[in-house]
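What follows is calculated from the coordinates using simple rules that are stated; it is not laboratory data. Since this is a predicted model, take the numbers as computed values, not measurements. Using ideal geometry, Cβ is built from the backbone for each residue, glycine included, and neighbour counts are taken over all protein chains shown.
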Amino acid sequence: MSKAINWPAKFYDEVTKEDVNVEKIALRLGSLYFDNDYYQEGEIVNIRVDSKIVRDAVISTKMQLMKIKDLTEDLLFKNKKDLQAKSKVVSFLSKNYKESVDDDTEVTVIFYKNLSNLNTEESDDPHM
């Protein structure tokens, strides 16, 4: 089973229409992924929306750990369109992790580039 970067269903259209070879980011609450060096530069991962594998991506850069208040505009521009403001990031992470999140909360920044293979087949994983 391949590692994955997961997105909620509301991002399906954006994920399937994203350019390839343009660096994107995913933000994950806390330092667990960072501390365990979970994603390795050059590693191929699945991009999932809910439990469906939509496409593959390559981890393009070593992960970074930073506080939400330190995320730059250039970095946030690589995020999903609805998540390009710090206030939206705080709201999204609070809702998805069901935890209190603020500008001083640490996040792991995962850098990736989508690959050209778009998976349009049903490939739901019932264990996700």
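If you work out Rg/Rh (Cα atoms, Kirkwood Rh) from the coordinates, which of [x] 0.96; [y] 0.94; [z] 0.98 do you get?
It is the value labelled [y].
Between the alpha-carbon centers of region 51-78 and region 1-29, tell me the distance in whole angstrom.
9 Å
Which angle between 0 and 90 degrees, to the nearest 10, do you get for helix 86-97 versus the longest principal axis of the chain when only C-alpha atoms count?
60 degrees
Pop out the Kirkwood hydrodynamic radius of region 34-109 from its pairwise C-alpha distances, inverse of mean 1/r, in Å to one decimal. Before the final figure, lay out the partial values.
Values: mean 1/r = 0.0727 Å⁻¹.
By the Kirkwood definition, the hydrodynamic radius is 13.8 Å.
Please list, by residue number, everything in region 46-86 whose backbone N is under 17 Å from a paramagnetic label point 7 Å out along Cα→Cβ of residue 106.
Answer for this model: 63-71.
Straight-line reach from residue 17: which lysines have a Cα under 28 Å away, not including same-chain ones fewer than 8 places off?
The qualifying lysines are 3, 52, 62, 78, 80, 81, 86, 88, 95, 113.
Aspartates and glutamates within cross-link reach of residue 69: Cα-Cα under 19 Å, excluding same-chain residues under 8 positions apart?
Filter leaves 82, 99, 102, 103, 104, 106.
Divide by every residue of the chain the summed helix terms, -39500 (n - 2.57) for each DSSP H run of at least 4, and state the resulting mean residue ellipticity at 222 nm, rounded to the nearest 500 deg cm²/dmol. Write out the running numbers ahead of the final one.
Working: 4 runs with 26 residues, N = 128.
Only helices count here, giving -5000 deg cm²/dmol.
Could you tell me which GluC sites (Glu not before Pro) in region 1-73 are loop residues by DSSP with no more than 16 other beta carbons within 10 angstrom of their beta carbon? It would help to have the intermediate numbers written out before the result.
On the way: sites: 14, 18, 23, 41, 43, 73; in loops: 18, 41, 43.
Taking region 1-73 and a limit of 16 other Cβ atoms within 10 Å, the loop GluC sites (Glu not before Pro) found are 41, 43.
Say each of residue 51 and residue 82 gets a label point 7 Å from the Cα, pointing the same way as Cα to Cβ; how far apart are those two points in nm?
My value for the distance between the label points is 2.1 nm.
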